[in-house]
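Report on the following structure.
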Amino acid sequence: MPIKTVKEAINDALVQSFENDKNVILMGEDIAGGKGREQYQGTQDAWGGPFGVTQGLFTKFGGERVRDTTIAEAGFFGAAVGAAMTGLRPIVELMYVDFAGVCFDQMMNQAAKVRYMFGGKQKVPMVVRTVVGAGFRAGSEHSQTLYSLYTHIPGLKVVAPYDAYDAKGLLLSSIQDDDPVIFMEHKRLYMTSCEVPDDLKPIPLGKGKIRKNGSDVTIIAIQRMNLFAEEAAKELENNNISCEIIDPRSYSPLDEDLIYTSVKKTGRVIIVDESNPKCSLASEISSLISENCFSDLKSGVVKITAPHTPVPFSPPMEDFYIPSSKKIGDAAKELLNA
Amino acid sequence: MLDKDKLDWIYNKLFTIRFFEERIKKIAKEKSVPGYLHTCIGSEAICVGVMAALNKDDWISSTYRNHGHAIAKDCNLNQITSEIYGRSTGICKGRGGSMHISDFDRGMLGSFGIVAAGPPVVLGAALQEKINNGSKNSVSFFGDGAIHNGAFHEAAGLAKLWNIPMLFVCENNGYAEATATDWHLNTKELSDISKAYDMLAYRGNGNDVFDVFNVTKKALEESRNKQTPIFLEFKNYRFSGQYEGDTQLYQPQEEIENAKKNDPIKLAIDNAKNHNLTKDDIETYKKNALDAVNSAFDFADTQPWPKGEDALQEVYVNYPKEVN
């Protein structure tokens with residue numbers, strides 16, 4: 001089976017979607033780079049976005065469907081809403097999720113609400129591909145996750161894949177979905193790889209995944225945090241602590257049943273989220289568990305998150321900011337009195 | 001010369017909008033109507049003139065001051081009224097209200113409560129038409145206040161850069177909410193803003209429905225032929241306040257009296273003889289419009305309220321039930 005990086009898997013899903021549906025288009029800053037200019041026809045796509053994820057698409061599908069935009073997120077996000085309502089399936093790239101602020105109106109008040117407030121006749125089948133996450137020494141304005149910002153809004157769906165397999169399967173689904181989907185790609189995961197079948201079927205949105213079966217403690221890990229959860233779980237085997245790792249993959253909708261079933265089995269929960277702690281996915285999932293599994297809990301839900309600060313730049317500070325496998329391990333040992 | 005059917009339609013719509021707005025203002029004063037109301041008395045010629053130049057299924061976006069656009073786009077008057085009353089048979093099933101009256105089946109992409117939300121959305125519809133070699137026109141309505149908003153500028157820049165045929169239609173009604181246009185403009189003429197994008201721009205008399213119609217029709221053709229966006233500015237006067245209940249103290253009485261000389265309904269009546277319309281024709285238009293308005297309000301009064309739990313519907317196309 002072919003081994004693919006997350007970056008390649010996303011590119012594959014885009015190519016496949018472009019081939020399968022002529023209504024799929026892509027808009028974003030530098031997604032074609034210099035390729036849009038006549039004198040560069042025939043040369044390699046200049047950028048393919050800052051991480052090179054969309055490289056090759058302009059050459060394969062042309063400038064009508066792969067459109068470089070100006071640095072005008074409100075303009076092309078709003079255009080995606082109008083194009084989606086009238087029959088296209090636009091994918092727009094928000095270069096960093098930190099730029100949400102300059103086009104949040106288009107997502108919060110237009111993409112999310114037109115179907116509801118105009119009587120249910122419209123649908124908005126658009127996908128926002130955006131880059132999230134700390135650990136790149138990229139500073140406070142290029143490192144956030146902001147999962148809960150979009151998850152909070154009714155009308156939007158939010159997906160955050162961990163590995164290449166899920167990235168491809170979930171992106172295929174997101175593009176086929178008739179609702180607006182925020183598809184979050186973690187910059188520190190782009191070059192990680194795993195087996196991805198060429199004929200991978202779309203993975204339904206709202207279905208979580210058990211990454212490791214276990215019996216003592218449930219670790220609910222959000223996107224890149226699965227990496228640390230797996231490291232911690234391996235280490236904890238030495239202490240005879242058996243961890244079950246749940247990757248929800250999709251945050252709106254959220255696979256609550258998968259979470260509750262695991263919590264009922266283990267009675268102990270650690271939620272790991274690299275976002276800021278207040279009104280976060282971690283606090284939301286914690287509250288759902290308290291409401292639905294209170295009598296099954298052997299102790300209080302533990303949250304491991306970033307502190308309530310912006311993402312710092314300097315490596316020692318940024319490393320401190322991001323949750324670690326050690327923190328997860330320590331928390332599990334404390335829960336098990338080990 | 002316009003044919004009689006077109007003239008009938010134009011005059012009927014002008015009177016319907018005016019009578020509708022007068023009626024809703026009166027009701028808002030006498031008894032309570034839920035929510036915010038933004039009436040468009042003074043905008044009738046722009047609503048009707050632009051729409052007269054469009055085909056029935058062309059795309060438009062409107063704003064919170066949308067009653068006139070919806071009526072001129074041939075939305076069902078009973079359903080419009082029911083929507084304002086918050087009833088289940090409203091055009092948006094009671095989920096929108098006055099600010100969001102919109103019917104996608106009539107080409108209305110939406111009536112947006114956020115200033116300048118419409119231009120990017122219409123750009124997207126126009127882009128779709130261009131990619132699919134479609135034939136529908138795309139028109140975004142917005143007020144003079146919107147020209148300072150980034151979303152307008154971003155849409156204008158992309159539309160020009162991508163050679164997208166569409167119309168940016170600015171209703172320059174003298175006020176951005178409570179702030180006078182002559183105070184907030186940086187340029188001599190509002191439409192000068194289009195120069196930043198090397199975009200064609202035309203101005204028309206927003207009080208003269210026939211001028212609005214002619215300017216729009218010509219612009220639609222030119223926009224399509226040249227594959228380019230065009231900016232249209234129609235000046236008129238906002239006799240209504242920003243919202244119903246606005247004291248309008250910032251609008252000088254003298255200014256209002258002067259504006260009345262160019263009231264779009266008065267101008268249309270004055271113009272009638274140029275179109276071979278008689279006084280009887282005008283009386284018939286008025287009577288038909290008033291009858292339609294009366295019956296729409298009678299209809300809305302009898303309509304059922306939605307159930308509270310109807311609020312849960314149509315947030316998504318698909319969402320797992322257990323978590324909705």
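Just name the residue that is nearest to A:Arg129 (Cα to Cα) out of those in the range A:59-97 that are among the small types (Gly, Ala, Ser) and touching a residue at least 24 places away in the same chain (Cβ under 8 Å). Full working, then the answer.
Filtering the range A:59-97 for residues among the small types (Gly, Ala, Ser) gives A:62-63, A:72, A:74-75, A:78-80, A:82-84, A:87.
Applying the additional criterion that residues be touching a residue at least 24 places away in the same chain (Cβ under 8 Å) yields A:63, A:74, A:78-80, A:83-84, A:87.
Values: A:Gly63: 19, A:Ala74: 15, A:Gly78: 15, A:Ala79: 15, A:Ala80: 12, A:Ala83: 16, A:Ala84: 15, A:Gly87: 19 Å.
Among residues in the range A:59-97 that are among the small types (Gly, Ala, Ser) and touching a residue at least 24 places away in the same chain (Cβ under 8 Å), the one nearest to A:Arg129 (Cα to Cα) is A:Ala80.
In the range A:95-129, what residues are in contact with an Asp or Glu (Cβ under 7 Å, 6 or more places away or on another chain) and away from chain B (no Cβ under 14 Å)?
A:Met95, A:Asp98, A:Arg129
Being in a helix (DSSP H, G or I), touching a Leu at 6+ places or on another chain (Cβ under 7 Å) and either on the phi < 0 side of the Ramachandran plot or within 13 Å of chain A (Cβ to nearest Cβ) (or both) narrows it down to one of B:Ile24, B:Ile80, so name that one. Talk me through it step by step, then tell me what you get.
Details: B:Ile80 fails: touching a Leu at 6+ places or on another chain (Cβ under 7 Å).
B:Ile24 is the lone residue from the list that is in a helix (DSSP H, G or I), touching a Leu at 6+ places or on another chain (Cβ under 7 Å) and either on the phi < 0 side of the Ramachandran plot or within 13 Å of chain A (Cβ to nearest Cβ) (or both).
Sort out which residues of the range A:247-268 are within 22 Å of the chain's Cα centre (by Cα) and within 24 Å of A:Pro307 (Cβ to Cβ), and write them in order of number.
Listed by number, the residues that qualify are A:Asp247, A:Pro248, A:Tyr251.
Which condition number does B:Ala126 fail, the rest of (1) within 9 Å of another protein chain (Cβ to nearest Cβ); (2) free of Cβ contacts under 8 Å to residues at least 60 places away in the same chain; (3) over 13 Å from the mean Cα position of the chain (by Cα) being met?
Result: B:Ala126 fails condition (2) only.
Checking the conditions here, which among B:Asn214, B:Asn186 is closer than 17 Å to B:His153 by Cα and polar (S, T, N, Q)? Please lay out each step first, then the result.
Values: B:Asn214 fails: closer than 17 Å to B:His153 by Cα.
So the residue among B:Asn214, B:Asn186 that is closer than 17 Å to B:His153 by Cα and polar (S, T, N, Q) is B:Asn186.
Which condition number does A:Leu205 fail, the rest of (1) out of contact with any Asp or Glu (no Cβ under 6 Å at 6 or more places or on another chain); (2) away from every other protein chain (no Cβ under 14 Å) being met?
Among (1) out of contact with any Asp or Glu (no Cβ under 6 Å at 6 or more places or on another chain); (2) away from every other protein chain (no Cβ under 14 Å), the lone unmet condition for A:Leu205 is (2).
Just to check your reading of the model, which residue among A:Pro180, A:Pro154 is of a type outside the set (Gly, Ala, Ser), within 14 Å of chain B (Cβ to nearest Cβ) and in contact with a Leu (Cβ under 6 Å, 6 or more places away or on another chain)?
On the way: A:Pro154 fails: in contact with a Leu (Cβ under 6 Å, 6 or more places away or on another chain).
Every option except A:Pro180 fails the conditions.
Given the options A:Ser290, A:Ser324, A:Ser299, name the one that is without any contact (Cβ under 8 Å) to a residue 24 or more places away in the chain and surrounded by fewer than 19 Cβ atoms within 10 Å (Cβ to Cβ).
On the way: A:Ser324 fails: without any contact (Cβ under 8 Å) to a residue 24 or more places away in the chain; A:Ser299 fails: without any contact (Cβ under 8 Å) to a residue 24 or more places away in the chain.
After ruling out the rest, the residue left standing is A:Ser290.
Does B:Pro320 satisfy being within 14 Å of chain A (Cβ to nearest Cβ), surrounded by 13 or more Cβ atoms within 10 Å (Cβ to Cβ) and of a type outside the set (Ser, Thr, Tyr)? Lay out the reasoning, then the answer.
Working: within 14 Å of chain A (Cβ to nearest Cβ): yes; surrounded by 13 or more Cβ atoms within 10 Å (Cβ to Cβ): yes; of a type outside the set (Ser, Thr, Tyr): yes.
The answer is yes for B:Pro320.
Please determine, by comparing only the residues of the range B:129-148 that are within 9 Å of chain A (Cβ to nearest Cβ) and surrounded by fewer than 21 Cβ atoms within 10 Å (Cβ to Cβ), which one is nearest to B:Ala176 (Cα to Cα). Please lay out each step first, then the result.
Step one: of the range B:129-148, the residues within 9 Å of chain A (Cβ to nearest Cβ) are B:129-132, B:134, B:136, B:138.
Applying the additional criterion that residues be surrounded by fewer than 21 Cβ atoms within 10 Å (Cβ to Cβ) yields B:130-132, B:134, B:136.
Details: B:Lys130: 33, B:Ile131: 35, B:Asn132: 36, B:Gly134: 35, B:Lys136: 30 Å.
Only one residue fits best here, namely B:Lys136.
Can you tell me how many residues within the range B:93-110 are more than 8 Å from chain A (Cβ to nearest Cβ) and of a type in the set (Ser, Thr, Tyr)?
1
Quickly run through the range B:111-123 and pick out the residues that are at the interface with another protein chain (Cβ under 8 Å from one of its Cβ atoms), within 16 Å of A:Cys103 (Cβ to Cβ) and not small (Gly, Ala, Ser).
Within the range B:111-123, B:Phe112, B:Ile114, B:Pro119, B:Pro120, B:Val121, B:Leu123 qualify.
Mind listing whichever residues of the range A:118-159 are out of contact with any His (no Cβ under 9 Å at 6 or more places or on another chain), assigned to a loop (DSSP other than H, G, I, E, B) and β-branched (Val, Ile, Thr)?
Of everything in the range A:118-159, those that are out of contact with any His (no Cβ under 9 Å at 6 or more places or on another chain), assigned to a loop (DSSP other than H, G, I, E, B) and β-branched (Val, Ile, Thr) turn out to be A:Val124, A:Ile153.
Values in this text are rule-based calculations from the coordinates and carry no lab data. All of these numbers come straight from a predicted model, not from anything done at the bench. Ideal geometry is used to build each Cβ from the backbone, glycine not excepted, and the neighbour counts take in all protein chains shown.
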